Structure formats: structure tokens, C-alpha cells
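Rule-based calculations on the coordinates, nothing more; no lab input. Given the structure is predicted, the values throughout are model-derived calculations rather than measurements. When we count neighbours, we look across all protein chains shown, and the Cβ atoms used for this are built from the backbone with ideal geometry, even at glycine.
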Amino acid sequence: MSTATTKKKSKFDIVMDDFKLFSRNFVKIVDNEGNTIPFILNKEQSDFIDQMSKFNIIAKSRQIGFSTMSLGLALFNAVKYPNTSYMIVSLSGESVTALFERLKFMNDNLPREKYKFPDTVRDNRGELLLSNNSRVQIAASDGKQIGRGNTYQFVLLSEFAFYGGDQSKVLTSVEQSLAKNPTSKLVIETTANGTGNYYYDLFMRSWKGKTNYKAFFYGWTSDAYKEQFKFEHDIAEEWYRSQNKGKRLSKDDLTKEEQRIYDMGANLRMLMWRQWKLSSMSLTDFQTEFPSYPEEAFKTSGQNVFSQAKILERLENIPEPLTRDELKGELPESLMKYIGKGLSVYHLPKRGVRYYGGSDISSGSGGDSSTLSLMDADGVQVLAFNHNKVSVYEMAEVLNTICRWFNYAYLAVEKNSFGLPVIERLRNDHGYQNLYKHKTFDKKGNRKLALGWLTTETSKAILISDYKESFEKGLILINDRETLQQMILFIEVNGKMGNKRGDKNHDDMVIAAALSVQARKNNKWYV
């Protein structure tokens, strides 16, 4: 087509090609002071619009505005594209009513007298129907029936972590209702609701890049909070001054934890607001509602065995494992298939260095994982292995190969359950001698040494206590993200320790790392 016949786009067409421009020019919302204002996307909303994929999952602090953004996005597409459907799913009838009123307000304030936007045919019972036969529905979560029998171009599942029933079935139903075209999108956004639900598992796996969902996290240190909570920040600053002889918080006053949050983007007003909030709520409740880091959102309340602050501090500074290219020619060939699938190597073995390992064994049937944590003589974690589909005999081969590679490492294997056959295979089939032994007594009262670590109620308390001290005093350096994430969920209830209940909550890497500490502490060498 020649330049002479090319029609220049009108300003209206330019706006209708860009949701951000559409919302700024045509969408109205009510601000915190009751004023009707243009809907200008904040930095976090804008970032999400630019990066969203077909399947998206968001963990966030409260009131960043993703529900409002989704209402505007659904309206924009319904106006622009005839014969399309959009659905916003919320937690309860009350929240559905509130969301629908906001949608109606946006739709009623479109400048129809100036532009040819589709007319409103119906706007009741949770459905906005336009004259171009496009519709936006808002519904309460009602189990597996959500979206069944319909086709949607865009779906938002709001506060998904709080949905009752089987959340995985809800999601499966919604995924099947999504239009089978390149532009349809599904968004899950929610604050956290602990760890005993499907949302936790899906988000954490997505955060690690192991699902087809793209994971996003938006914490309370984001730019949106500087404006959204401006009024509360004013109150908090006045309160802080009243508690500190009229003095405002300065950088010199920051605790180590506040400095961490400050470095993440919070300003001093936000930190005074944090202190103000903590004057009437627990730290765990605050971190659940207003997390600054993904794992922080899923913290359990009051029963954590390990220091959450130290775990989060370490999570911010862990290294990436060595890449396949970096391991090529170094890693034994039989282990190459596990790279990116449970095997993480952080440091290659060095000549003359002693290494200490701990291993927790499962059946390999897909439930708990078989694990290995390996550290050097200085207490630096050099390798982690975590896989739930490795059989007992295969795990014996993996342990033999890895430990021989690391200078015949001294290995403590938990002998309970599936650990015993692994120990026997290591010793008898592979001739591996450098194994931890525990003291025991025969029927005549003679003391002898038996292979492996035997976990009892008493020995587990020692195991975890020693590991906690080593970690929190900085005597060891944990590099593996999965280990640290499991430590966040490791709790004590009625004298019993383990990860918070939930089908996908495990503590296998915690036990393996703790066993490696015992191996290093024992410091025996049988080879």
C-alpha cells in the first residue's frame, strides 16, 4: 500500500489499541477520598500488563489493585471485541456485589455521548451485557462448576487461596472454559492463606519455573503502596513522632530487618507505618498480609523452629547452581539427566577437601522425596539433590556416584524405613565404606556400632537443635533454595517437629541438611 493511500490512525484508534491509554482516558474510578478520577495504572499494574502471559499467578500484599485492573481490562476488551465473554470470580457474594458495582460505575462513565461505545443491554445479577453481544460476568467461587459450559477470553480468579473445596478442580474447570486462541488469558491473584492448599503448591512451583503459569510477586515495598497508603502513612508518622519525642525515623535508627526492607524499596514513611501496624498486630500476621518476599507470605504463625528473618536474609543472597555447560566434563555422566530436575551443584569438588553428606530416603513413588545435602569441611553446602521419582536402588546408585565424586564423602543416611535397604546396597552392592554409624547395644548389653542414623523422638530433637544452632550462628552456609523454603514451613506443635500439614509440604531437604551437620560433627573417616 502506498503512503498516499495509508490512512493515519485517529487519536481514538490509538487509544483503543492500548489498554493503558483506554483506562487513562475513558475509565473512571473512585479514590480513597471519594473523588471520581481517571484510572491511571500504577507501576505494578502496568508491569503486569506488559509481562502477562496466557496463564498467570500472582502472590501479593493487600490492596495493590489487581481486581480493579482486571475489571478495567475486561471492560476494555468487551467494548472493543464483539461476541466475547469475560469472567471475574471472587470469594463471596458480598465481594461479588462490590466488584460488580465498580464495574457498573466504570461502564456508566464511558463517554458514550462522544464516542460510539456499545450500549448497555443489561447490568444486573452479576452480568454486564453490551449491545455488541459481549459480556462481563462476576461470580462467587462455587467449586468445580465455575465456568462450566461457557467460553471466556479472560478469567480472573480473585483471592483464589481462600476458595473452599478442591482448588485444583476449580482451576481445571476454569482452564477448560478458556477460549482456545492466542489472546485468551487466565489470572490467579490472591493474598496467601498458609501452605495447606493447592494455591501454595502451584505458586511455589510456578515461581521456580516448573509449571506453565508465569509467577509474579508484588510486595508492600512496591511503589503502589507509597500512594495507596499515603493517608495511613501520615497517621503513622505522627504516631511515631509521639513515641520518639517528636523525632522522625532516620536511616541510622533502622534495625537489621528494617534495613533489609529499606534496601528492597521501602521508604522511611513506610517503615514508620510498619512499626505502627506492628503495635496492634503480630509480626507473622503482618508478613502474611503485607509480605516483602514470596516465602514470607506463607509463614506459619508462632511455631516456627528456625529464625524466619535469617532464612529470608539468606534467600536474598543465595547463588545460582552451576549450569549444564559449567558442569560439562566435570559431572559424572550418569548424573547429567538430573540437572534442573532435582540436582543442584553449587561448588565442584576440590582435591584434598573432606565432604560430609546427609540423606533422607523415600520410596520413589511420587510422594516424599529422596534427598541428599552435601557440605564441605567449612560448612558450605556444595550440592543438593531432591527427587520423588527415584527408586531405592537408583538412589543408592546416585549416592554412590555423588559421594565418590566428592572425594569419598562421609555420608549419614537415615536408616528408618527405606533408608536401611539403601545403606545395604551402598555397602554390599557398591562397596561404599565411608558411612555414618550410630551406637547401639546387643541383647547382652555389649555396645556396638550400626550403620546409618536412627531417628527417634530423642535423636530428632538433637538433630534439629544442632542444625538450628549451626544455621543461626552462621556455622554453616545453606545455598539451596528448596532447603530454605522447607525451613520456613518447619514447625513444632505439641513437642513434635515437621512441616506444616499439607499434601505438598515436605521437610526432606531439612532432614538431609541436618544429617550432613551430624556427619560433619562426627568427623569420622573410615576410608
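Summary of the geometry: region 290-360 and region 178-253, compared by the centres of their Cα atoms, lie 25 Å apart.
Placing a pseudo-label 7 Å from each Cα along the Cα-to-Cβ vector at Ile462 and Gln303 gives an inter-label distance of 2.6 nm.
Please list, short to long, the whole-number percent of alpha-carbon pairs of region 324-522 in consecutive 10 angstrom bins beginning at zero. Going out from 0 Å in 10 Å bins, region 324-522 shows 9, 38, 38, 13, 2, 0 percent. Taking amide H as placed 1.01 Å from N in the peptide plane, the amide H of Asn133 sits under 5 Å from that of Asn83, each at least 5 places away or on another chain. Residue pairs exceeding 21 angstrom between C-alpha atoms, taken from Lys9/Lys80; Lys9/Lys180; Lys60/Lys341; Lys60/Lys256; Lys28/Lys104; Lys214/Lys328: Lys9/Lys180; Lys60/Lys341; Lys60/Lys256; Lys214/Lys328.
Just flag the trypsin sites (Lys or Arg not before Pro) in region 68-114 sitting in loop per DSSP whose Cβ has no more than 11 other Cβ atoms within 10 Å.
Values: sites: Lys80, Arg102, Lys104, Arg112, Lys114; in loops: Arg112, Lys114.
Listed in order of number, the matching sites are Lys114.
Principal-axis analysis of the Cα atoms of the chain puts helix 167-177 at an angle of about 50° to the longest axis. Taking Cβ atoms as reference points and 14 Å as the exclusive limit, the residues near Asp466 contribute a net charge of +3, counting Lys and Arg as +1 and Asp and Glu as -1. With neighbour counts taken as other beta-carbon atoms within 10 Å, the residues Met281, Met69, Met509 rank, fewest first, as Met281, Met69, Met509.
In sequence order, region 119-129 has phi-based couplings of 6, 8, 8, 8, 9, 8, 6, x, 9, 9, 10 Hz under the Karplus curve 6.51 cos²θ - 1.76 cosθ + 1.60, θ = phi - 60°, and Gly or Pro positions carry x.
Our coupling estimate for region 383-395, obtained by passing each phi through the Karplus curve with A = 6.51, B = -1.76, C = 1.60 and θ = phi - 60°, is 7, 9, 10, 8, 8, 9, 10, 9, 5, 4, 5, 5, 5 Hz, Gly and Pro reported as x. Over the Cα atoms of region 1-120, the radius of gyration divided by the Kirkwood radius equals 1.00; this is the Rg/Rh ratio. In this simple spin-label approximation, Lys9 and Lys341 carry label points 7 Å from Cα along the Cα→Cβ vector, and these lie 4.5 nm apart.
For the chain, what is the percent of antiparallel DSSP beta bridges, rounded to the nearest 5? Walk me through the numbers on the way to the answer.
Working: 35 of 69 bridges.
Rounded to the nearest five, the antiparallel share is 50 percent.
For region 9-218, DSSP calls about 30 percent of its internal beta bridges antiparallel.
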